[in-house]
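A short write-up of the structure that comes next.
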Amino acid sequence: MIVVVMGVSGSGKTTLGRALARELGAEFLEGDRFHPEANVAKMSRGEPLSDADRWPWLDRLAQELARVRKAGGNAVLACSALKRAYRDRLRKGAPELRLLFLKADKALIRERLRARTQHFMPPGLLDSQFASLEEPGPDESPIVIDVTPPLEVLMDRLPELVRPALVSAAGSVLRLRQ
């Protein structure tokens, strides 16, 4: 099982992704750690990434997903995956990946970004993230979670929120730790 936890910066991808990986007994992959230094520097300066900046990063993430898949493992990847084309690029490494879309309004995310101190992504890039966001369509079978409640509440409720939707390609329900 490969799950991509997606959404704009500040939606809780890392926090909820780590919690989900623990629940699944899966490897956690933090997408931001795979960005080339040039991408991190660009975002740190408040410049949004272009598609050309993102392609090599997405290809690297797809390679990581393929590695896990080839080894027969499970993984949870925290990655913005804002556009359909980006998600399709990730599917090159894991065609059966499941999307967990963390959805919230811009005002809430802006508050969370302002409170965050240990990240290279400045709040000024939030508008560009929402402008780029293409919410996953029904054909992508996303699990959509409203992240308006505090992340601590969502982490406690994570198993009940995702259990019904995490179904493997073979049709069996993936067991979460109790």
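In this structure, does ARG114 turn out to be open to solvent by 40 Å² or more (accessible area, probe 1.4 Å) and either within 16 Å of ILE143 (Cβ to Cβ) or in contact with a strand residue (DSSP E or B) (Cβ under 9 Å, 6 or more places away or on another chain) (or both)?
No: the conditions fail for ARG114.
Can you name the residue in region 50-61 that is surrounded by fewer than 19 Cβ atoms within 10 Å (Cβ to Cβ) and of a type in the set (A, V, I, L, M, F, W, C) and, of all such residues, is nearest to ALA26 (Cα to Cα)?
Looking at the filtered set, the residue picked out is TRP55.
Which of the residues spanning region 16-61 are in a helix (DSSP H, G or I), over 19 Å from LEU126 (Cβ atoms) and of a type in the set (Asp, Glu)?
Selection gives GLU23, GLU37, ASP59.
List the number of the failed condition for VAL8; all other conditions in (1) of a type in the set (A, V, I, L, M, F, W, C); (2) modelled with pLDDT under 95; (3) not in a loop (DSSP other than H, G, I, E, B) hold.
(3)
From the residues in region 62-99 that are part of a strand (DSSP E or B) and either touching a Pro at 6+ places or on another chain (Cβ under 7 Å) or among the basic types (Lys, Arg) (or both), which one is least open to solvent (accessible area, probe 1.4 Å)?
Checking each candidate, the answer is LEU99.
Which numbered condition in (1) touching a Ser or Thr at 6+ places or on another chain (Cβ under 8 Å); (2) touching a residue at least 60 places away in the same chain (Cβ under 8 Å); (3) farther than 28 Å from PRO159 by Cβ is the only one that LYS83 fails?
Failed condition: (2).
Checking the structure you have, find out if any residue of region 132-143 is β-branched (Val, Ile, Thr) and surrounded by 15 or more Cβ atoms within 10 Å (Cβ to Cβ).
Within region 132-143 (the criterion being β-branched (Val, Ile, Thr) and surrounded by 15 or more Cβ atoms within 10 Å (Cβ to Cβ)), the answer is yes, since at least one residue qualifies.
What are the pairs with Cβ atoms under 6 angstrom where one residue, in region 129-157, is under 13 Å from PHE101 (Cα atoms) and of a type in the set (Asp, Glu) and the other, located anywhere, is surrounded by 12 or more Cβ atoms within 10 Å (Cβ to Cβ) and at pLDDT 90 or above? Sequence gap at least six, or different chains.
From region 129-157, the pairs are GLU134/LYS83; GLU134/ARG84; GLU140/LEU99; ASP146/LYS103.
Going through region 17-46 one residue at a time, which ones are touching a residue at least 40 places away in the same chain (Cβ under 8 Å), farther than 21 Å from ILE143 by Cβ and either open to solvent by 50 Å² or more (accessible area, probe 1.4 Å) or not aliphatic (A, V, I, L, M) (or both)?
Scanning region 17-46 gives ASP32, SER44, GLY46.
The values are calculated or read from the model by the stated rules, or taken from the named source; none is laboratory data. Model, not experiment: these values are computed from the prediction. Glycine also receives a Cβ, built like all others from the backbone with ideal geometry; neighbour counts cover every protein chain displayed. What goes into the accessible areas is simple: the full protein's heavy atoms, side chains included, and nothing from ligands, DNA or RNA. Shrake-Rupley method; radii C 1.70, N 1.55, O 1.52, S 1.80 Å.
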